[in-house]
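Encoded as structure tokens, the structure appears first; notes follow it.
The values are calculated or read from the model by the stated rules, or taken from the named source; none is laboratory data. From a predicted model like this one, the values you see are computed outputs, not experimental measurements. Glycine gets a Cβ as well: all are built from the backbone with ideal geometry, and neighbour counts include every protein chain shown. Heavy atoms of the whole protein, side chains included, go into the accessibility calculation; ligands, DNA and RNA do not. Shrake-Rupley method; radii C 1.70, N 1.55, O 1.52, S 1.80 Å.
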Amino acid sequence: MTHNQFSSGLESANLVVTSDLVHQAWSAIEKQNQINPNAKPHLCNVIQVSNVTLIAFGTPLVSFPEQESMVSSSTLKANNFTEFEFLCTKSIESFSINQAAISLFRSNFDELNQKKTELIELTQLSKISLIIITGQSVGGSVATLFTLWLLKGLNLLKTLRPLCITFGSPLVGDEHFWQCMLQFTTWKSSFLHAASNQDPIPKLFLTRNGSGAYKPFGSFLLCSSSGCACSEDQDLILEHLMTINLQNGRNEDPNGKWDYGQILEDLKHKALYKSSTMLIKEVTDPLQASIITQLLAIGGLTQQHSSKEMKNLIRRMKKHETELLIQKKKNSSSDKKLSKMKTCLALFEWYKKESNILNTGYYDMYKRQCNPSDMNVNEYKKRLWNFWEDAVTKVENKPQLEGAPFGVRWLWAGTNYRRMIEPLHIAEFYKTSGASNYKNGGKRPKHFILLEAWLEQKQATQKRKPKRQLAATSNEDSCFWAEVEDALILCNRLKNGESVNDAEKLEEFEEYVWDGIDNHTVCPDIFSEKGSFMRWWKEYKGIVGSSYSSQLADYMNNRNYRNYT
């Protein structure tokens, strides 16, 4: 089974209730609850089943307050507890979570921290294949928090994401918490919450109309005597929780020890479409028919509902499904725009070839702005700039901790853009009289900085790259020409006797250039006879003299650069 197994719908519910993983999770909870009461108490225990490692949280005795009891992340931060601050975004600086769950988490922090450290170390050694974190009632709430905490610490490029499977867990956080979770688009499929409409615990803190501070997140396996379905739809989940049979629920253990093992076994043998076909045969709208079928399967439509209530619920769900479809189309449109930007970037390859024919170099040809093709280049440069500046801003406001914030396709497209376009921006910068120190003087545009940082973040998780055998087609350091321009300024200052320290800085620049040549991370056009780098070399050679020897000086004096390809 894959990590996307918990998507919405009846078919997914069938897959879930027949899954070994869900049954293993419940068995682990039963084992945790059956531990000898005379043994040293632990909030959770590790259980190994074949190649699956299960972290089972017990069902501790907790007195739930009648009213919703929450604590804000800003309050926790003020009390020096910042373990979940990483969930905050620039637009959402604080959120609230269940006070009982976070209190239990904090009171067992040392134990949980040790478990987290052990799991991370074992994944690094490839000694764990799959991690399932599970719990019931408030134990499920703590399991959810622990999973989020673990997700942040794992290297998710080298290990599978852990799965969190809870049973009869109360909702964990508020609307802001849910919105923060939406930013981590790759994490939502890691959470499955099983909730029976006979179990009162999942509906704690909800008002009669399903409103209130708490909001669901992740996938829910919604169960009833009629069947089950998986959903991520907030309206459907809240509606289901509000249809809980209070007459049965009030007589149950207030700590939520409901037998989900029996529920799962019953659902294995139950036909989801048992009586729905006749009830929806008059419905001609396929989307509406699908929604009604799903509601019937989970007991979401009962005699307690008036015709008006049913229509309102179905209308809200249709609206939600339509919005999801629109969002998918937007994502598809975004990918199409990316393809157009790649086509746009191809123009600059032709521009570069033209500069090589003129023996000027890409950077200097643009800096001089004396060719007819410069007009088109400026137009396309602006178009690319606007696209990538906007794309980077959106990603920055929606942080993701799984690898680089961009997906691989977007990251490499952004890297090509940066290496091709930033030199042109640098050319414009140094045309201004007195301009210097582009890279470290606070003048570099933010989206270039972030694109470079995200690439480094991605590369840091990979094995060391083999040494290049051929020269790069674009300078891998998109600020190469800024370094050249600053080196030219240093030469002028040194010739005028303005600073003796500039000689050391020029030696550092020599090492920087030689490293690029030796590793083939600079492109051949830096050696264009009419270009800025060759102008720097002539000035620098005049300062140090023809007898000066270094790796770069020997390479240039022997004209080995003519064979650099």
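Quick check on my filter: what residues within the stretch 90-125 are among the hydrophobic types (A, V, I, L, M, F, W, C), open to solvent by 60 Å² or more (accessible area, probe 1.4 Å) and not in a helix (DSSP H, G or I)?
As a first pass, look at the stretch 90-125 and keep what is among the hydrophobic types (A, V, I, L, M, F, W, C): 92, 95, 97, 100-102, 104-105, 109, 112, 119-120, 122, 125.
If we keep only those that are open to solvent by 60 Å² or more (accessible area, probe 1.4 Å) as well, we get 122, 125.
125 - this is the single residue of the stretch 90-125 that is among the hydrophobic types (A, V, I, L, M, F, W, C), open to solvent by 60 Å² or more (accessible area, probe 1.4 Å) and not in a helix (DSSP H, G or I).
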Exercise. Just one of 514, 454, 536 is among the hydrophobic types (A, V, I, L, M, F, W, C) and in contact with a Pro (Cβ under 8 Å, 6 or more places away or on another chain); which is it?
Worked result: 454
Exercise. In a strand (DSSP E or B) and at pLDDT below 95: does that describe residue 135?
Worked result: yes
Exercise. Just for the stretch 133-161: of the residues that are within 20 Å of residue 51 (Cβ to Cβ) and buried (at least 24 other Cβ atoms within 10 Å of the Cβ), which one is farthest from the chain's Cα centre (by Cα)?
Worked result: 134
Exercise. Any idea which of 542, 516 is assigned to a helix (DSSP H, G or I) and farther than 19 Å from residue 475 by Cβ?
Worked result: 542
Exercise. Of all residues in the stretch 509-565 being among the small types (Gly, Ala, Ser) and open to solvent by 60 Å² or more (accessible area, probe 1.4 Å), which is nearest to the chain's Cα centre (by Cα)?
Worked result: 549
For this session: For residue 147, indicate whether it is within 30 Å of residue 262 (Cα to Cα) and modelled with pLDDT of 90 or more.
Result: yes
Exercise. Do we have any residue at all in the stretch 175-195 that's open to solvent by 30 Å² or more (accessible area, probe 1.4 Å), over 21 Å from residue 86 (Cα atoms) and small (Gly, Ala, Ser)?
Worked result: no
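Hey, among 547, 528, which residue is farther than 19 Å from residue 477 by Cβ and of a type in the set (S, T, N, Q)?
None of the other options fit; the residue is 547.
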Exercise. Only one of (1) modelled with pLDDT under 85; (2) assigned to a strand (DSSP E or B) fails for residue 54. Which number is that?
Worked result: (1)
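Restricting to the stretch 437-460, count the residues that are in a helix (DSSP H, G or I) and modelled with pLDDT of 90 or more. Quick ask: steps written out before the conclusion?
Initial filter on the stretch 437-460 (in a helix (DSSP H, G or I)): 446-460.
Cutting the leftovers down to modelled with pLDDT of 90 or more gives us 446-452.
So the answer is 7.
It is to be established whether one or more residues within the stretch 67-85 are touching a helix residue (DSSP H, G or I) at 6+ places or on another chain (Cβ under 8 Å), in a strand (DSSP E or B) and modelled with pLDDT under 95.
Filtering the stretch 67-85 for residues touching a helix residue (DSSP H, G or I) at 6+ places or on another chain (Cβ under 8 Å) gives 69-71, 73, 76-77, 81-85.
Okay, now just the ones that are also in a strand (DSSP E or B), so 70-71.
Adding the requirement that they be modelled with pLDDT under 95 leaves 70-71.
There is at least one residue in the stretch 67-85 that is touching a helix residue (DSSP H, G or I) at 6+ places or on another chain (Cβ under 8 Å), in a strand (DSSP E or B) and modelled with pLDDT under 95.
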Exercise. From the residues in the stretch 162-174 that are in contact (Cβ under 8 Å) with a residue 60 or more places away in the chain and among the hydrophobic types (A, V, I, L, M, F, W, C), which one is surrounded by the most Cβ atoms within 10 Å (Cβ to Cβ)?
Worked result: 167
Seminar exercise, completed: Per the filter on the stretch 342-382, residues within 19 Å of residue 418 (Cβ to Cβ), out of contact with any His (no Cβ under 9 Å at 6 or more places or on another chain), among the charged types (D, E, K, R) and surrounded by 16 or more Cβ atoms within 10 Å (Cβ to Cβ) are 352, 367
